[in-house]
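Student: Take a look at the following structure, please.
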Amino acid sequence: MKDKLYFRIANERGLRYTAEVSVELKEGKEQPVFSASVSVGNGYRFLMGGQCFDEIVEKYTFVNPERKALFMEIYDLWMRNHLNDRNAGTPKQIEALKNGFDNWCGERGINPSNDRYTNQCEYLRTLDLYEDKGYLVNEEPYRYGSGWIYRPISEDDLKRINVVLK
């Protein structure tokens, strides 16, 4: 299932744009795969596109406030499930990165955005999680970033996605 939804937004100067949000739920190799992207423009000029949901939420207001709830629903689903078949790490590795990577970088004076993958690998090595011995692939511990791991979409989120796509 696939759909496009449209939202009128305005920047701090009152300039109005249309945000075209594409939402898709398709059957992947293993189970459903969710994706969402956005394209923003004013009919004459393309402003931004791709994965810019954060920027829209932070810097734009909704011309029709009643539509904001739907956009925020898509935003939440995007944050939780976007490309759920493309995870570089196991659940343990992802959790470790969420809970300590930025602090680890800060303690070393490293910008977490610079050479992100290499720094993530180094951080996971310090935790003995670069190879997750509890997650085997072909009878070998999974090395961070060596493949794509599928993350299932919860039943609740699948229901929410289906409501958005109706």
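Rule-based calculations on the coordinates, nothing more; no lab input. Being a predicted model, the structure only gives us computed values, none of them experimental. Neighbour counts are summed over all protein chains in view; Cβ atoms, including those assigned to glycine, are modelled from backbone coordinates with ideal geometry.
Student: Any idea what angle helix 65-81 forms with the longest principal axis of the chain, computed on alpha-carbon atoms, 0 to 90 degrees, nearest 10?
Tutor: 20 degrees
Student: How far, in degrees from 0 to 90, does helix 91-108 lean away from the longest principal axis of the Cα atoms of the chain, to the nearest 10?
Tutor: Roughly 90 degrees, rounded to the nearest 10.
Student: Ok, one more. Normalized C-alpha radius of gyration of region 91-143, against 2.2 N^0.38 Å? Show your work: numbers first, answer last.
Tutor: On the way: Rg = 11.7 Å, N = 53, 2.2 N^0.38 = 9.9 Å.
Against the compact-globule rule of thumb, the ratio is 1.17.
Student: Where in region 10-33 is the amide nitrogen less than 13 Å from a point lying 7 Å along the Cα-to-Cβ axis of LYS4?
Tutor: 18-23
Student: Now, a different point. Just the number: Rg to Rh for region 48-122, Cα atoms, Kirkwood Rh, two decimals.
Tutor: 1.07
Student: Between helix 155-164 and the chain, what is the angle of the helix's C-alpha long axis to the longest principal axis, kept within 0 to 90° and rounded to the nearest 10?
Tutor: 20 degrees
Student: Given 0.36 nm per residue, what is the gain on full extension from SER146 to HIS82 after removing their alpha carbon distance, in nm?
Tutor: 21.1 nm
Student: Just subtract the alpha-carbon distance of GLU155 and LEU47 from 0.36 nm times their residue separation and send over the number in nm, one decimal.
Tutor: Between GLU155 and LEU47, full extension yields an extra 35.4 nm.
Student: Which of the three applies to the chain, rounded, prolate or oblate, going by the alpha-carbon gyration tensor with a ≥ b ≥ c and a/c under 1.5 meaning rounded?
Tutor: oblate
Student: List the aspartates and glutamates whose Cα sits under 12 Å from the Cα of LYS4, skipping any in the same chain fewer than 8 residues away.
Tutor: Cα-Cα hits under 12 Å: GLU20, GLU24.
Student: Which FRET efficiency value, to the nearest 0.05, is calculated for GLU30 and ASN138 with the Förster distance at 22 angstrom and r the Cβ-Cβ distance?
Tutor: 0.85
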